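The values are calculated or read from the model by the stated rules, or taken from the named source; none is laboratory data. Owing to the predicted nature of the structure, the values given are computational and were not obtained by experimental measurement. Cβ placement follows ideal geometry from the backbone for every residue including glycine, while neighbour counts extend to all protein chains displayed.
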Number of protein chains: 2
Amino acid sequence: MPKSTQTKAERIRARRTREAVNIFSRMPSAYAASRSQATKFLQRAGGLSVVEWRVLWDLSEAGPLSIRDLASIQRVDHSQLSRALPAMWRKGLVNMERDEVDGRQMSITLTEVGRQAYEKAAPIMKQRRDALRRAFTPEELKQLAGYFDRLDAFFCQPLSELLNEDSQA
Amino acid sequence: MPKSTQTKAERIRARRTREAVNIFSRMPSAYAASRSQATKFLQRAGGLSVVEWRVLWDLSEAGPLSIRDLASIQRVDHSQLSRALPAMWRKGLVNMERDEVDGRQMSITLTEVGRQAYEKAAPIMKQRRDALRRAFTPEELKQLAGYFDRLDAFFCQPLSELLNEDSQA
DNA sequence: AGCTAATATATGACAAGTCATGTATTCTGC
DNA sequence: GCAGAATACATGACTTGTCATATATTAGCT
């Protein structure tokens, strides 16, 4: 059926259907929904931001860390932490000291206030992970993590490797 | 082994390993990598932004659309399009006219310049989707899309439904 | 020691996304 | 036909993320 004879509603529905199976277009909304949900959980658990929660969690689990360590664990650009940490320090959540051994690094540690904020949020966030485990079986979660690994690898491939096949067409 | 006897490198490695299977923490980096890759492809295909590309693609596939239509197809907040479209209009990529039938709606259409920009970018972006189909089988992509549907459903659930089980613990 | 390279952090500029709120228009029920 | 509800859009304020670039410190080589 030629496009011109379709109603607008039909065109939109066709487009939505096609986009539903487009992995690229699914990523932003899935991520946005995840972040929105996390924000709501954290709102109920003391009002931490997502970035703050991740920092407190990592520090609580892996002890004193530098900015680069945190960035590498969280797979984010270090600039994000470089900007977020001073605000967390002003709130009393973390200590930031220059490393005595390597004067370039900052050593970030949890304060007592930070530990309390973490312990307040942790059980709520654990409930979120528990809820995910009710929605997906362990095998499914493992498979999903595997897909994420492969997606990461795909997204990080150099352009040249993706474009070299019949790129002149 | 108690945490205090681990080296810092061991603590970081343990934390990274654990985070690798945490779906929540995988979403941001996977999405960021996807967006970064899309940006690079678009840079090579005329310099469109991701938002611009999506708008041109939708308009090209589904004809004249309102802001709300575009937002619903793309699963984003309408404010994003409300802000992006005037800039696209200034670049000559789209026309924006108030709908004659419904004076609240804007009718967004592709201009000739917009159509050319789309046709320049489209083959490159198609190569990206083709490359994805080389990295994943059709069955895997179908399964992945199914997981996204279920993740969407999980993320959009009201908090109360996720917290009501042993939430007092 | 001293020069160069590498590393760790800070910061400016930006893209993409959210939510809340305000305004104009249309729809609905009486 | 009008009051109030609903809808479409605009806009301000914010979060999360990127990249590029500058600066300070350490590491390595001679």
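Residues that are more than 8 Å from DNA strand C (Cβ to nearest atom) and touching a residue at least 40 places away in the same chain (Cβ under 8 Å) were ranked within the range A:64-75; the one that is surrounded by the most Cβ atoms within 10 Å (Cβ to Cβ) is A:LEU65. I'd like the full set of residues that are within 22 Å of B:ARG128 (Cα to Cα) and either more than 7 Å from chain B (Cβ to nearest Cβ) or not charged (D, E, K, R) (or both), limited to the range A:1-23. Passing the criteria: A:ALA14, A:THR17, A:ARG18, A:ALA20, A:VAL21, A:ASN22, A:ILE23.
Here B:PHE154 passes the criteria (1) within 30 Å of A:LEU162 (Cβ to Cβ); (2) surrounded by 14 or more Cβ atoms within 10 Å (Cβ to Cβ); (3) facing chain A (nearest Cβ under 8 Å) except the one numbered (1). Taking the conditions exactly as written (among the hydrophobic types (A, V, I, L, M, F, W, C) and in contact with a Lys or Arg (Cβ under 7 Å, 6 or more places away or on another chain)), does B:ILE108 satisfy them or not? Here the answer is no, as B:ILE108 does not meet what is asked. Applying the criterion of being surrounded by fewer than 16 Cβ atoms within 10 Å (Cβ to Cβ) and free of Cβ contacts under 8 Å to residues at least 24 places away in the same chain to the residues of the range B:24-48, the residue that is farthest from the other protein chains (Cβ to nearest Cβ) is B:GLY47. Of everything listed in (1) surrounded by fewer than 20 Cβ atoms within 10 Å (Cβ to Cβ); (2) at the interface with chain A (Cβ under 8 Å from one of its Cβ atoms); (3) more than 13 Å from DNA strand D (Cβ to nearest atom), the single unmet condition for B:ASP58 is (1).
Restricting B:ARG134, B:ARG128, B:ARG83 to those that are in contact (Cβ under 8 Å) with a residue 60 or more places away in the chain and under 30 Å from B:PHE24 (Cα atoms) reduces the list to B:ARG128.
Test B:ALA121 against the stated conditions and say whether it is surrounded by 14 or more Cβ atoms within 10 Å (Cβ to Cβ) and more than 11 Å from chain A (Cβ to nearest Cβ). In short, yes. Of all residues assigned to the range A:108-117, none qualifies as being among the hydrophobic types (A, V, I, L, M, F, W, C) and within 27 Å of A:ALA30 (Cα to Cα). A:ILE108 falls short on exactly one of the conditions (1) in contact with a helix residue (DSSP H, G or I) (Cβ under 7 Å, 6 or more places away or on another chain); (2) assigned to a helix (DSSP H, G or I); (3) touching a residue at least 40 places away in the same chain (Cβ under 8 Å); (4) away from DNA strand D (no atom under 15 Å from the Cβ), and that condition is (2). Within this structure, B:GLN105 fails the test of being farther than 15 Å from B:PRO64 by Cα and surrounded by 14 or more Cβ atoms within 10 Å (Cβ to Cβ).
Given the residues B:ALA117, B:ALA71, which is the only one that is at pLDDT 95 or above and within 14 Å of DNA strand D (Cβ to nearest atom)?
B:ALA71
Give the range B:74-98 a look and list any residue that's more than 10 Å from DNA strand D (Cβ to nearest atom) and within 13 Å of another protein chain (Cβ to nearest Cβ), or say none. Result: B:GLN74, B:ARG75, B:VAL76. Checked across the range A:30-37, the condition of being assigned to a helix (DSSP H, G or I) and either at pLDDT below 90 or over 30 Å from B:LEU132 (Cβ atoms) (or both) holds for no residue.
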